[in-house]
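Here, each number is a calculation from the coordinates, and none is a lab measurement. Since the model is a prediction, treat every value here as computed from it, not as a measurement. Because the Cβ atoms are built from the backbone with ideal geometry, glycine has one as well, and the counts that use them run over all protein chains shown.
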């Protein structure tokens, strides 16, 4: 039993390590290529692509249909199961592309932008390509091949980023952003075929899907609403505001996503498989979950709140002051996104218990609330919409706890005891940093460096002085990895 615990602990730590490395480097590359693109392109260019995002994401979700998580939760998944998922997702992807190809003019009419018709037909090729790699990703996800996922993601990101920048440099505007996405999807799909080691057969048999449909269908609806929730403001802004406004929001949302996805991606690759492995031991699962909850809070709050306080300098330095309006939006989004990795951990706990219906209804209700809030606030301007949207995101953390916590005996006061210290310390550190640095310098370059250094020193200093267990364990793990290298 002890060896099993140590093995699980090592797998979890290794998964978090490679997930962190992958997502950290991935976002650095996104930052690098994003800087070049934002300097070469205009808010209108980003607005054009941003208005199509929700259609591509929903189509991708439909062709995946929740079968990745279903396969991860199926104890005896085999060749027939993976083969059925492969042919289903591939055929679904082709069908959806044909439908959206002919619906492209309707999408352009909805946004009052005729140029969207050819761009939509080109961009939608992405989910058609990715549909052929769904089963391969499920194989890698089930086997916790986090390191291989890191390699294929970074390789594809580099290739696609170079392609997008080159096309933008040649004056191809939003076509460069669209091509960048296609190259990335093609690279990821091809490398999943390589690293998974799995190959489909020509025997098409959908019967194995029958045992997974009840679980996967709920995840399908859930994932669709998650995409709607995340891209809701782009749709509303695209319908009621100018393309330029969508561009400003899309840029701020992009930087915000780069921030929280590092932490979320680190946890996403290991949380569900690990929690699933210990679901037969409630006491152990509670200990594992609380430990992961503390780690997520320890990382998420300082990173996202820190991004909020450096947003004005970062946006101006990186992509010039023509995007200055995005900085204010980014600050609001970061505050809400600091809670997303915590919510994601709760949702993985729900899914690991097979309660995909609970997961589904939570996301649906959240989406309905956010739609209502966005429509009610649209008359007051973009900033008001973003602020209310952020408020709903924060409050929904308590909903997730009520849905997931009691199932493993986690009381709200214990969860708050795990999370609140990191939130309060991070908020205090960022508040002191944000108020102090402007008195020291008015140079944006010096201000950015001073904010980062001061916040990092204060936060780590408090963690070390208080002898916080999560900080000590994280430090010990990285120190051990360094010695091994």
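Any residue in region 187-197 that is outside any helix (DSSP H, G or I) and touching a helix residue (DSSP H, G or I) at 6+ places or on another chain (Cβ under 9 Å)? Yes, region 187-197 has at least one match. Restricting attention to region 104-117 and to residues that are in a helix (DSSP H, G or I) and without any contact (Cβ under 8 Å) to a residue 12 or more places away in the chain, the residue that is nearest to residue 237 (Cα to Cα) turns out to be 109. The number of residues in region 338-361 being in contact (Cβ under 8 Å) with a residue 40 or more places away in the chain, in a helix (DSSP H, G or I) and farther than 30 Å from residue 427 by Cα comes to 6. In this structure, does residue 416 turn out to be closer than 20 Å to residue 293 by Cα and out of contact with any strand residue (DSSP E or B) (no Cβ under 6 Å at 6 or more places or on another chain)? Yes; evaluated as a whole, the condition is true for this residue. Counting the residues of region 366-391 that are under 17 Å from residue 344 (Cβ atoms) and surrounded by fewer than 17 Cβ atoms within 10 Å (Cβ to Cβ) gives 0. Of the residues in region 400-411, how many are in contact with a helix residue (DSSP H, G or I) (Cβ under 6 Å, 6 or more places away or on another chain) and surrounded by fewer than 17 Cβ atoms within 10 Å (Cβ to Cβ)? Residues meeting the conditions: 1.
Applying the set (1) under 26 Å from residue 352 (Cβ atoms); (2) assigned to a loop (DSSP other than H, G, I, E, B) to residue 442 leaves exactly one unmet item: (1).
Taking the condition of being under 19 Å from residue 341 (Cβ atoms), surrounded by fewer than 18 Cβ atoms within 10 Å (Cβ to Cβ) and touching a helix residue (DSSP H, G or I) at 6+ places or on another chain (Cβ under 7 Å), how many residues in region 422-473 meet it? Qualifying residue count, region 422-473: 1.
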